[in-house]
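The values are calculated or read from the model by the stated rules, or taken from the named source; none is laboratory data. None of these values were measured; they are calculated from a predicted model. Note that each Cβ is placed from the backbone with ideal geometry, even for glycine, and that neighbours are counted across all protein chains shown. Side chains are part of the model used for accessible areas, which takes the heavy atoms of the whole protein and leaves out ligands, DNA and RNA. Shrake-Rupley method; radii C 1.70, N 1.55, O 1.52, S 1.80 Å.
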Amino acid sequence: MSKYILKRVMISLATLLVILFILFLMLSLMPGSPFNDEKLTAAQKALLYAKYGLDQPFMVRFVKYVTAMMRGDLGVSYLINKNLAVSKMVEPRLLVSIRIGFQAMVVGTVFGLILGILAAIYHNTWIDTLCSVISIIGVSVPSYVFALGLAYFVGFKLNWFPILYNAAKVDSSMVMPTIALSLFPVANIARFTRSEMIDVLSSDYILLVQSKGVKENQLILHHALRNTLIPIITIMGPLLVGLLTGSMVVEKIFAIPGIGSLMVQGITNNDYNVTIACAFIYSAMYIVTMLVVDILYGVIDPRIRVAKGAN
């Protein structure tokens with residue numbers, strides 16, 4: 001197992017390096033520059049390029065950037081916050097986006113498992129139908145539509161929570177965005193849980209456990225659910241990454257200072273360092289999450305752990 005983990009970590013690091021190279025290359029080939037101000041003369045632009053090292057060959061700039069990144073230096077902003085370290089711009093916004101994403105994932109996982117288990121236990125009943133309808137709505141309706149509905153009815157009409165992000169009321173400001181983002185994972189996890197739980201409950205393994213007189217609660221929680229979790233974890237990884245990286249519209253609706261809005265600013269202003277940093281962080285979150293999910297397979301299912309240890 002340790003050899004497998006080490007191999008996966010090395011592959012992940014190599015993938016991140018390739019991604020960073022592609023990002024760097026794409027931004028270098030993009031038209032325009034961070035210094036598109038018409039008031040700047042050609043000489044002034046040349047001085048700015050020399051100041052920030054943009055006049056150097058591509059590979060020289062790339063190697064310097066990678067070396068600096070390994071020290072935690074993501075460069076400085078050229079336009080958005082001129083000469084401010086990108087790491088100082090990203091850190092507070094990243095923490096906000098991660099918090100919302102993880103909160104939505106926890107809420108989505110808990111309620112999705114509950115709905116899926118209830119639908120499987122009460123298969124072909126009105127409870128199963130109700131859970132299926134909720135799942136279909138959650139998958140079909142975009143999260144920003146839920147966000148707008150919550151903002152109007154819960155925020156504006158009922159005035160339970162602040163509609164726009166309030167730094168003095170962070171916890172209450174996070175409630176509606178979390179609920180809006182959690183509906184998609186609720187629907188997906190509920191569907192997968194229902195499908196897998198029905199298959200597991202009808203398997204020979206469960207029939208054998210039932211014949212030993214195990215109580216229904218223990219049968220569901222300790223036997224059926226354990227075998228159901230493996231395929232569910234498979235979708236939880238991409239779902240979590242989707243929440244972390246795809247919450248930009250919801251962040252805009254509730255005026256949340258997340259990393260998504262910063263990335264849009266970076267692209268709009270040709271602020272290379274900001275754009276590369278945000279895009280690379282998104283890629284790193286995806287790869288790290290999938291790596292963790294892959295390792296969790298072995299923790300949950302001993303058969304997978306043994307197979308991996310043999311490689």
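Given Gly112, Gly149, Gly101, which one is open to solvent by less than 30 Å² (accessible area, probe 1.4 Å), within 22 Å of the chain's Cα centre (by Cα) and closer than 16 Å to Met174 by Cα?
Details: Gly112 fails: closer than 16 Å to Met174 by Cα; Gly149 fails: within 22 Å of the chain's Cα centre (by Cα).
So the residue among Gly112, Gly149, Gly101 that is open to solvent by less than 30 Å² (accessible area, probe 1.4 Å), within 22 Å of the chain's Cα centre (by Cα) and closer than 16 Å to Met174 by Cα is Gly101.
Kindly establish whether Lys212 is at pLDDT 75 or above and more than 25 Å from Leu291 (Cβ to Cβ).
In short, no.
Taking the condition of being more than 19 Å from Val86 (Cα to Cα) and not in a loop (DSSP other than H, G, I, E, B), how many residues in the stretch 249-267 meet it? Quick ask: steps written out before the conclusion?
At the first step, the residues of the stretch 249-267 found to be more than 19 Å from Val86 (Cα to Cα) are 249-255.
Imposing the further condition that a residue be not in a loop (DSSP other than H, G, I, E, B) reduces the set to 249-253.
Residues that pass the stated criteria total 5.
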Task: Of all residues in the stretch 257-277 being touching a helix residue (DSSP H, G or I) at 6+ places or on another chain (Cβ under 6 Å) and aliphatic (A, V, I, L, M), the one that is nearest to Lys169 (Cα to Cα) - done: Ile259
- [ ] Would you confirm whether any residue within the stretch 85-95 is over 27 Å from the mean Cα position of the chain (by Cα) and assigned to a helix (DSSP H, G or I)?
- [x] no
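Every residue, every condition in (1) under 23 Å from Gly258 (Cβ atoms); (2) touching a residue at least 40 places away in the same chain (Cβ under 8 Å), yes or no:
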site: Met30; (1), (2): no, yes
site: Lys45; (1), (2): no, no
site: Lys64; (1), (2): no, no
site: Ala68; (1), (2): no, no
site: Arg71; (1), (2): no, no
site: Lys88; (1), (2): yes, no
Task: In the stretch 159-183, the residues that are in a helix (DSSP H, G or I), open to solvent by less than 40 Å² (accessible area, probe 1.4 Å) and in contact (Cβ under 8 Å) with a residue 60 or more places away in the chain - done: Ser173, Met176, Pro177, Thr178, Ala180, Leu181, Ser182
Task: Residue list for the stretch 119-135, restricted to those being part of a helix (DSSP H, G or I) and either of a type in the set (Ser, Thr, Tyr) or surrounded by 13 or more Cβ atoms within 10 Å (Cβ to Cβ) (or both) - done: Ala119, Ala120, Ile121, Ile127, Asp128, Thr129, Leu130, Cys131, Ser132, Ile134, Ser135
Task: Complete set of residues in the stretch 45-60 that are open to solvent by 50 Å² or more (accessible area, probe 1.4 Å) and either under 16 Å from Asp271 (Cβ atoms) or not in a helix (DSSP H, G or I) (or both) - done: Lys45, Tyr49, Lys51, Asp55, Gln56, Pro57
Task: Pair list, Cβ under 6 Å, 6 or more apart: the stretch 142-158 residue more than 11 Å from Leu181 (Cβ to Cβ), other residue part of a loop (DSSP other than H, G, I, E, B) and of a type in the set (A, V, I, L, M, F, W, C) - done: Ala151/Ile163; Val154/Trp160; Gly155/Phe161; Gly155/Ile163
Open item on the list: What's the number of the only condition in (1) modelled with pLDDT of 80 or more; (2) closer than 25 Å to Glu196 by Cα; (3) acidic (Asp, Glu) that Glu91 fails to meet?
Closed with: (2)
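Would you check if Asn270 is in a loop (DSSP other than H, G, I, E, B) and modelled with pLDDT of 70 or more? Before the answer, list the steps.
Working: in a loop (DSSP other than H, G, I, E, B): yes; modelled with pLDDT of 70 or more: yes.
So Asn270 fits the description; yes.
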Open item on the list: Just to verify a result, which residue in the stretch 61-96, among those that are closer than 21 Å to Thr268 by Cα and of a type in the set (Gly, Ala, Ser), is least open to solvent (accessible area, probe 1.4 Å)?
Closed with: Ser77
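Please work out if Gly112 is touching a residue at least 24 places away in the same chain (Cβ under 8 Å) and over 19 Å from Ile259 (Cα atoms). Even if it seems obvious, please write down each step before you answer.
Details: touching a residue at least 24 places away in the same chain (Cβ under 8 Å): yes; over 19 Å from Ile259 (Cα atoms): yes.
Yes, satisfied.
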- [ ] Mind listing whichever residues of the stretch 21-44 are of a type in the set (A, V, I, L, M), part of a helix (DSSP H, G or I) and open to solvent by less than 70 Å² (accessible area, probe 1.4 Å)?
- [x] Leu23, Leu25, Leu27, Ala43
